[in-house]
Structure formats: C-alpha cells, structure tokens
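Asker: Right, I'll just put the structure down here and ask away after.
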Amino acid sequence: MYWDERNECIGPEDLARLQFARLRETVRRAARSPFYRAKGLGEIEVRDLSDVRKLPFTTKDDLREAYPFGMLSCPLDDVVRLHSSSGTTGTPTVVYHSKKDIDRWTDLVARCLYMIGVRKGDVFQNMIGYGLFTGGLGLHYGAERLGCLTIPTGPGNTKRQLKFMKDFGVSVIHVIPSYALHLADEVEKLGIDPRREFPSFKYALLGAEPHTEETRRKVEEFFGIQAYNSYGLSEMNGPGVAFECPEKNGMHIWEDAFLVEVVDPVTLEPVAPGMQGELVITTLEREAMPILRYRTKDLTTLSDEPCPCGRTHRRISRIAGRSDDMIILKGVNIFPMQIEAVLIGIPGVGRNYQVILESRGHNDHITVKVEIDAHLSIDDYRSLEELRKRIVRELRDEILVTPEVVLTEPGGIPVAQGKAVRVVDNRTT
Ligand code: DLL
C-alpha cells in the first residue's frame with residue numbers, strides 16, 4: 001500500500017508493539033542462516049525491544065565472509081532476486097530477496113514517492129543505474145506501482161536524457177546529485193531555458209550519494225523544481241529506507257520496516273538523543289536475508305520532534321559523511337562534505353570538484369580541483385587568480401590545512417557513470 005496512514009501515522013505504543021513482534025520473528029528467521037547460527041543467535045531470547053542490544057552487530061566484512069550463501073535464511077528456491085553492493089573490489093556482498101521482500105520494498109518506495117506528491121499520470125525518468133545496483137530497479141518498480149509511466153533510461157547519454165525529458169513531458173526524475181549538476185551544466189551549454197524546455201518537470205529525487213543542502217538548492221533553482229533527499233543502502237534493500245517529506249527537514253526513516261539505533265562508532269554505545277553517531281539498522285520484515293544491527297558507517301542524527309506532515313516515523317538528518325570516508329590529513333579530520341559546502345558557496349565556482357591526496361616526501365599533500373562556472377572567461381587571468389586565492393582561503397579556514405587549488409574549465413573533471421569519485425587517495429602510506 002503506498003499511502004498507508006495506519007502505519008505511517010502510527011502512535012508510539014502501537015509502533016513499539018509492532019516492532020517488537022517483528023523483531024522476534026526476524027531473530028527467529030535469522031537464526032536459520034549459517035552465519036547467525038554460528039554467532040549463537042538461537043540462544044538469545046528477545047523479551048522486549050531494548051533487547052536488540054543483546055544481538056550481534058553485522059558489518060560489511062561479515063557479509064563478505066558469508067558470501068555466497070552464508071546469510072540465507074530460507075530455502076534458495078524461495079529467493080527470486082539478488083542484488084550486489086556497488087563500489088569496492090574483492091569479494092562482493094550480495095543481498096537476497098524473496099517475492100514478499102521485493103513486494104514490500106516496492107511498497108516502501110511507492111510510499112516515498114506518494115509522500116512528495118508523485119501520482120498516477122506522472123512521467124518518471126529513472127537516470128540511475130539498473131542491474132546489480134539497487135537504485136534502478138528499486139525506484140522503477142515503486143514508480144510503476146503508483147501507475148507512473150516509467151522510463152528506464154539509466155545513467156549517461158545526457159543529450160538523450162534531455163530529449164526524453166522534453167518529448168515525453170517528464171515530471172519526475174531520479175538522479176545521483178553529481179549527475180543532476182552535470183545535467184544542469186549540459187542544459188546551460190546548450191543555451192536552453194530549462195523552465196521553458198521542460199514545463200512538466202516538477203520533482204527530482206536525489207539519492208545514493210552524500211550532498212549538501214546547497215547542492216539541492218542549486219538543482220531546485222536551476223530547473224525551477226522541488227528536489228528531495230533519498231537515503232538507502234543495498235543491505236537494507238536499497239532506496240526506500242528514508243526519504244524527505246515536503247517539509248524537507250530530515251528524512252523519515254520507515255520504522256515499521258527498520259529498527260534504528262544511532263551509536264558511537266568507536267564505543268558502539270548509543271549516543272545521547274539528538275547527537276550525531278553511526279546509523280545502525282535491523283531489518284524487521286526481511287524473509288530471505290534478515291540482517292541484525294547493520295553498521296551502515298553513515299553519520300547522522302535522529303530526531304523525534306513531531307513533523308507537521310503528520311507522519312510519526314522519526315527523521316534522520318542529511319548524512320554528514322561516512323565514518324570510513326573521513327580524510328585524515330596531517331592529523332586533521334576532514335569530511336568531503338565540508339569541502340563541498342565551502343565550494344558551493346563561492347560565486348564563480350562550477351558544479352564539479354575532486355580532491356586528490358598524495359604523499360610528497362614525508363608530507364601529505366591535498367589538491368582540490370575545481371571546475372569554474374561556465375560564465376567566467378577563462379582568459380581573464382586576474383579574476384581567475386582572485387577566485388583561486390579565495391577558494392584556498394575559505395577552504396583553509398574550514399579544514400585547517402592549506403590545499404593547493406587547481407581551476408579547470410567546466411567539464412574538465414570526468415563525470416562518473418554512477419556515484420561521483422570525490423576523493424582520490426594516492427598516498428603511499
Ligand atoms: O546507494 C542505494 C540508493 C540508491 C539509495 C538510490 C538512494 C537512491 P549502496 O550502493 O549500497 O546503495 O550505497 C549505500 O550510499 O551507506 C551511504 O553512504 C550512501 N548514500 C545513499 N543515499 C544517500 C544519501 C545505494 N541520500 C551508501 N545521502 C550509504 C548520503 C547516501 N549518502
């Protein structure tokens with residue numbers, strides 16, 4: 001069901017009851033998998049919700065070790081699909097889904113879309129990768145469930161994306177934020193007025209990648225649309241874990257499907273309410289592959305302030321970074337999002353950037369490559385030099401290390417097909 005008032009606006013006692021029943025069932029199911037059986041799960045009794053803390057954490061490395069079948073909690077012939085996590089090399093991680101798992105995932109995605117106003121009659125262009133990556137198929141089925149005309153363009157081929165948007169009167173796009181900025185670059189290069197060219201365009205769903213509030217605003221202002229933050233991870237299905245409502249003040253995390261904790265990434269103890277920590281999630285409905293206390297590595301805060309939209313599920317804040325994404329440079333901790341937040345506030349800076357780390361002698365060196373805005377003349381040496389110096393100054397004030405800043409023409413930094421590669425670490429130690 002995609003507008004599920006009974007569950008989306010559930011009271012706290014009813015939610016706790018529901019979560020407890022689902023947690024017990026999840027633990028019972030998980031104990032059937034070789035991986036959790038070996039962790040002694042069969043012996044742990046869950047008597048109330050707080051007993052979640054008796055359960056073992058699960059990490060990406062655990063999933064790798066359990067490859068290919070160690071986490072399976074049902075007969076293999078009940079599995080209808082598997083997805084595999086993006087990015088890293090070496091042994092992949094896989095997640096299995098039963099028919100019911102896929103159906104429930106689809107409901108959750110449809111719930112997110114409905115929440116922001118997407119309806120039957122909307123035309124939905126899905127510019128995110130299909131295949132093993134969950135962003136493509138996950139949103140695809142959710143949009144179809146609502147009855148949208150769903151166009152599976154996948155990423156890349158920007159000219160065709162723009163042509164389809166215009167020719168089919170696309171009203172909603174799903175896109176990785178760095179690609180949304182690239183799309184804007186292309187529109188600008190073609191000298192098109194986006195508001196005239198795409199009059200039906202209303203919403204962009206930005207997900208799969210960390211991005212700042214300013215990036216959202218740039219996308220909204222450029223296209224004259226509303227953009228919403230969408231959070232998810234393959235281990236928890238993919239997209240459809242947490243999503244902004246029209247209030248755009250944090251993402252409702254669907255607590256009827258996921259049990260949420262926020263812990264200190266070092267001590268693994270719960271943080272004080274409202275404090276930043278690592279998001280830890282337990283699946284509550286998964287049949288084929290329940291996962292207990294998954295350490296997402298994503299840093300966020302959890303808010304239980306009532307939301308004017310009426311939904312009672314708590315909200316997570318925009319992801320501040322990943323605990324394993326942090327750059328340690330000359331002893332200083334830096335998150336790539338700090339760099340993005342500085343760059344995006346400086347007029348004359350374009351839409352793409354990359355951070356390169358190297359060892360020079362015994363020292364770490366940081367170079368920030370920055371595309372300049374298409375309106376700047378690349379022949380105007382003095383203005384460019386002033387811009388470069390300003391970027392150095394503002395970055396130094398934020399990250400406390402002086403970076404080398406290299407300006408490049410718009411389009412000078414390659415655009416990834418999937419998630420942007422923001423940091424290239426070539427350091428030798
Ligand atoms: O990125 C699933 C997804 C697809 C989500 C499409 C939203 C839209 P993975 O490839 O497993 O799955 O990567 C998950 O990406 O742990 C975060 O670090 C990061 N991430 C995902 N969404 C956001 C977001 C998909 N909105 C990892 N903001 C997660 C910040 C995000 N980071």
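Asker: Does any residue in the stretch 46-60 that is over 15 Å from Val260 (Cβ atoms) come within less than 8 Å, Cβ to Cβ, of a residue that is among the hydroxyl-bearing types (Ser, Thr, Tyr) six or more places away or on a different chain, and which pairs are these?
Answerer: Here the result reads Pro56/Tyr36; Thr59/Tyr294; Lys60/Ser85; Lys60/Thr93, each pair linking the stretch 46-60 to a residue that is among the hydroxyl-bearing types (Ser, Thr, Tyr).
Asker: Taking into account only those residues within the stretch 108-138 that are of a type outside the set (Gly, Ala, Ser) and surrounded by fewer than 21 Cβ atoms within 10 Å (Cβ to Cβ), which is nearest to the ligand (Cβ to nearest atom)? Walk me through how you get there before you give the answer.
Answerer: Of the stretch 108-138, the ones of a type outside the set (Gly, Ala, Ser) are 108-109, 111-116, 118-120, 122-128, 130, 132-134, 137.
Keeping just the survivors that are surrounded by fewer than 21 Cβ atoms within 10 Å (Cβ to Cβ) gives 114-116, 119-120, 123, 130, 132.
Details: Tyr114: 17, Met115: 15, Ile116: 14, Arg119: 20, Lys120: 22, Val123: 19, Tyr130: 11, Leu132: 9 Å.
Checking each candidate, the answer is Leu132.
Asker: Condition test on Tyr96, is it assigned to a strand (DSSP E or B), in contact (Cβ under 8 Å) with a residue 60 or more places away in the chain and not acidic (Asp, Glu)? Give the derivation first.
Answerer: Numbers: assigned to a strand (DSSP E or B): yes; in contact (Cβ under 8 Å) with a residue 60 or more places away in the chain: yes; not acidic (Asp, Glu): yes.
So Tyr96 fits the description; yes.
Asker: Step by step: first the residues of the stretch 377-418, then only those that are of a type in the set (S, T, N, Q) and part of a loop (DSSP other than H, G, I, E, B), then the one that is nearest to Val175 (Cα to Cα). Which residue is that?
Answerer: Gln417
Asker: Can you tell me which residue among Asn352, Asn363 is among the polar types (S, T, N, Q), under 25 Å from the mean Cα position of the chain (by Cα) and not assigned by TED's automatic domain parsing to the domain that holds Ile128? Walk me through it before giving the result.
Answerer: Working: Asn363 fails: under 25 Å from the mean Cα position of the chain (by Cα).
Asn352 is the lone residue from the list that is among the polar types (S, T, N, Q), under 25 Å from the mean Cα position of the chain (by Cα) and not assigned by TED's automatic domain parsing to the domain that holds Ile128.
Asker: Here is a list of conditions, (1) more than 16 Å from the ligand (Cβ to nearest atom); (2) closer than 28 Å to Val260 by Cα, and Pro210 meets all of them except one; can you say which number that is?
Answerer: (1)
Asker: Kindly check whether there is at least one residue in the stretch 373-391 that is of a type in the set (Ser, Thr, Tyr) and within 28 Å of the chain's Cα centre (by Cα).
Answerer: If we filter the stretch 373-391 for residues that are of a type in the set (Ser, Thr, Tyr), which is where we start, we get 377, 381, 383.
Next, only the ones that are within 28 Å of the chain's Cα centre (by Cα) stay: none.
Scanning the stretch 373-391 turns up no residue that is of a type in the set (Ser, Thr, Tyr) and within 28 Å of the chain's Cα centre (by Cα).
Asker: Tell me which residues, restricted to the stretch 208-235, are in contact with a Phe, Trp or Tyr (Cβ under 6 Å, 6 or more places away or on another chain) and closer than 26 Å to Ile102 by Cα.
Answerer: Residues satisfying the conditions are Ser230, Glu235.
A quick yes/no check of all residues on (1) more than 20 Å from Lys419 (Cα to Cα); (2) outside any strand (DSSP E or B):
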| position | (1), (2) |
| --- | --- |
| Ala143 | yes, yes |
| Pro155 | no, yes |
| His174 | no, no |
| Ser178 | no, yes |
| Leu183 | no, yes |
| Pro199 | yes, yes |
| Leu205 | no, no |
| His211 | no, yes |
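Asker: Still on this model: Suppose the filter is at pLDDT 95 or above, surrounded by 23 or more Cβ atoms within 10 Å (Cβ to Cβ) and closer than 22 Å to Asn237 by Cα; does Gly147 pass it? Break it down stepwise before answering.
Answerer: On the way: at pLDDT 95 or above: yes; surrounded by 23 or more Cβ atoms within 10 Å (Cβ to Cβ): no; closer than 22 Å to Asn237 by Cα: yes.
So Gly147 does not fit the description; no.
Asker: If Asp14 passes every condition in (1) surrounded by fewer than 16 Cβ atoms within 10 Å (Cβ to Cβ); (2) in contact (Cβ under 8 Å) with a residue 40 or more places away in the chain but one, which one does it miss?
Answerer: That leaves (2) as the condition not met.
The values are calculated or read from the model by the stated rules, or taken from the named source; none is laboratory data. All values derive from a computational prediction rather than experimental measurement. Here the Cβ is made from the backbone with ideal geometry for all residues, glycine too, and neighbour counts use every protein chain on show.
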